[in-house]
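Comments concern the structure below.
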Amino acid sequence: MSSQEEILNDGRFSCVARDPRFWEMPEKERKIKIDKRFRAMFHDKKFKLKYTVDKRGRPVNYTSTENLRKFYALSESDSDLSEDDSKEHAEAKKKKKKGKPKGDA
């Protein structure tokens, strides 16, 4: 096996190190920025799927929400709002469950 340096010193592959097409993508640019209109997809039940096996049949234990967080990010101005909204969303659900008294019909 050849080392990385030997490959880059080879005349046939020397252009690979200088060509921007082969550079690693910066971490800030990897995720697609999502604005506040679409932030519901991170906590909405319609977007959540529970996987038990991967595409090759191996058992896994993750949801599609984890994939969404892996590939998408809220825009910087909305990221602060999303944390607050997720807390408010959870509190609102608790209040809805407790707040509905059953009346005599």
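Values quoted throughout were computed directly from the atomic coordinates according to the rules given, and no laboratory measurement underlies them. This structure is a prediction, so every number in the text was calculated from the model and none was measured. We place every Cβ from the backbone using ideal geometry, glycine too, and count neighbours over all the protein chains shown.
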Task: Packing rank of 6-14, 60-68, where each peptide gets the mean count of other beta carbons within 10 Å, highest leading - done: 60-68, 6-14
Task: 10 Å-binned pair-distance histogram of region 26-79 (Cα, whole percent) - done: 22, 44, 26, 8
TODO: Please tell me which of these pairs span more than 21 angstrom C-alpha to C-alpha: K28/K70; K28/K55; K31/K55?
DONE: K28/K55; K31/K55
